1. Pop a pseudo-label 7 angstrom from the Cα along the beta-carbon direction at both residue 9 and residue 100 and give the gap in nm to one decimal.
2. Only residues of segment 7-30 count here: report those whose backbone N is under 17 Å from the spot 7 Å along Cα→Cβ of residue 36, or say none.
3. Give the whole-number value, in cubic angstrom per residue, of the convex hull volume spanned by the C-alpha atoms of segment 1-61.
4. Relative to the first principal axis of the alpha-carbon coordinates of the chain, what is the inclination of helix 96-105, with its axis defined by its Cα atoms, in degrees from 0 to 90 and to the nearest 10?
5. Can you give me the % of accessible surface on segment 32-158 that is carbon or sulfur? Probe 1.4 Å, all protein chains present, nothing else counted.
6. Please check which bits of segment 47-69 a label hung off residue 113 would reach, taking the label as a point 7 Å along Cα-to-C-beta and the cut-off as backbone N under 19 Å.
7. Where does the chain land on the Kirkwood hydrodynamic radius, alpha-carbon pairs, in angstrom?
8. Output wanted: per-residue J couplings in Hz (rounded whole) for segment 110-115, from phi through Karplus 6.51 cos²θ - 1.76 cosθ + 1.60, θ = phi - 60°, x for Gly and Pro.
Amino acid sequence: MSATLEQLRFLLVDDNHHMRAIVSTILKSVGVRHVLEAMDGAEALQVVRDRQIDIAIVDFKMSPLDGVQFTQLVRQSPDSPDPFLPIIMLTGFAERHRVFEARDAGVTEIVVKPVTARSLLDRINTVIFKPRPFIRVEDYFGPCRRRRDDPAYDGPRRRGAERAVEL
């Protein structure tokens, strides 16, 4: 996997310098060579517009633009350079409603703090080797939020009724 990782360009977005240093150290320890950093979502948006980024790792709570707002702009803004960008959110807020808020914004994966090398690398592996299809419905664009297909589900938003967007 390190041969794969050394070619990828990561964007690390966190207002806490120490957390950026920890995550950067984890990434570099597994062979990542290209790590760009931003202190908040607004700065990160500019980086995404200026540079080719393969995976963004974004903190949930930042100011003036937090990780959820950053994700929404990447996914839905008409001038977004890459609405399909894999976004891994780091968060110390593991409450169910916060996880749903991140998921509903279009976050690809979530890592709960305190971050470990294993938890972060598991999510990176998932976005690289098991990418989920992107879907577009009335109020959402992003990776399919369903982790499994439930054949017993017969509700109004059956997976087949949603349009998958080809990558």
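1. Placing both labels 7 Å beyond Cα along the Cβ direction yields 3.7 nm.
2. What the label zone holds, given the 17 Å backbone N cut-off, is 7-15, 24.
3. 68 Å³
4. Roughly 90 degrees, rounded to the nearest 10.
5. Solvent-exposed carbon and sulfur of segment 32-158 make up 50 percent of the total.
6. 56-69
7. With all distinct Cα pairs of the chain included, I get 16.3 Å.
8. Working through the residues one at a time gives 10, 10, 8, 6, x, 6 Hz.
The values are calculated or read from the model by the stated rules, or taken from the named source; none is laboratory data. For clarity, every value in this text was computed on a predicted model and none was experimentally measured. Counting neighbours? That spans all protein chains shown, and the Cβs are built from the backbone with ideal geometry, glycine included. Heads up: the accessible areas ignore ligands, DNA and RNA and are worked out on the full protein's heavy atoms, side chains in. Shrake-Rupley method; radii C 1.70, N 1.55, O 1.52, S 1.80 Å.
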